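Data first, discussion second: the structure below is written as structure tokens.
The values are calculated or read from the model by the stated rules, or taken from the named source; none is laboratory data. Everything numeric in this text was worked out from a predicted model, so none of it was measured. Cβ atoms come from the backbone with ideal geometry, glycine included; neighbour counts cover every protein chain shown. Each accessible area value is taken on the protein alone, full model and side chains, heavy atoms only, with ligands, DNA and RNA left out. Shrake-Rupley method; radii C 1.70, N 1.55, O 1.52, S 1.80 Å.
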Amino acid sequence: MVQNVGFLLLSVVMIILSSTAFAQDNEASENGRKMFIEKRCYTCHTINAEADAIQKEKEVFAKSKGVELKSDEEDDEGIAPDLSDIGTKRDAESITAFVKNPKKYFKDTPVCKSNAKKKYRKRFKGSPEELDVLVIYLSSLNYDSYTKEDFVSCLKEE
């Protein structure tokens, strides 16, 4: 009887802890997605695995700022790779290093140099806390890749 009560108590504690962890993961994901939108990462990158949530977040953010979203044709969305699977390719430390100083990771080809002269290759402009929120989110993205087959990366390492 005492063993059964102990097992039941342990089971209840494990369920509570796992649901708390799920709630924290969900909150971290939502906060990170908001940061992805607020810092306008979507102007170059996509997260097609979460396209609906990203679009809703973009609409909420635009409305809160009193601005209209550009149509997809006006955006440069997709100039950089889709990030749906970035969490399977890179850890938080490498994502942080990249976002802090992306230029050092790019090739010096004519096309890549041309893109560098535009608005691309921007380093993260936010607080360390905002960067942490974004990196936690990006590190959690473990979906299949949605990068277009004909996409040509400007990164030195793949």
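Under 5 Å between amide hydrogens, built in the peptide plane, is the criterion, and for Phe106 it picks out Lys156 among residues at least 5 positions away or on other chains.
Listed values for the range 44-52 are Karplus-derived 3J(HN,Hα) couplings in whole Hz (6.51 cos²θ - 1.76 cosθ + 1.60, θ = phi - 60°), namely 10, 9, 10, 10, 4, 5, 10, 4, 5, and x replaces Gly and Pro.
A 1.4 Å probe, protein heavy atoms only, puts the accessible area of Arg123 near 130 Å². Protein-only accessible surface at a 1.4 angstrom probe places the residues Thr88, Thr43 in the order Thr88, Thr43, largest first.
Here the label points at Glu30 and Lys125, each 7 Å from Cα along the C-beta direction, are separated by 2.9 nm in the simple model. Using θ = phi - 60° in the Karplus curve 6.51 cos²θ - 1.76 cosθ + 1.60, the 3J(HN,Hα) couplings for the range 95-103 round to 5, 4, 4, 5, 5, 6, 8, x, 4 Hz; x is entered for Gly and Pro.
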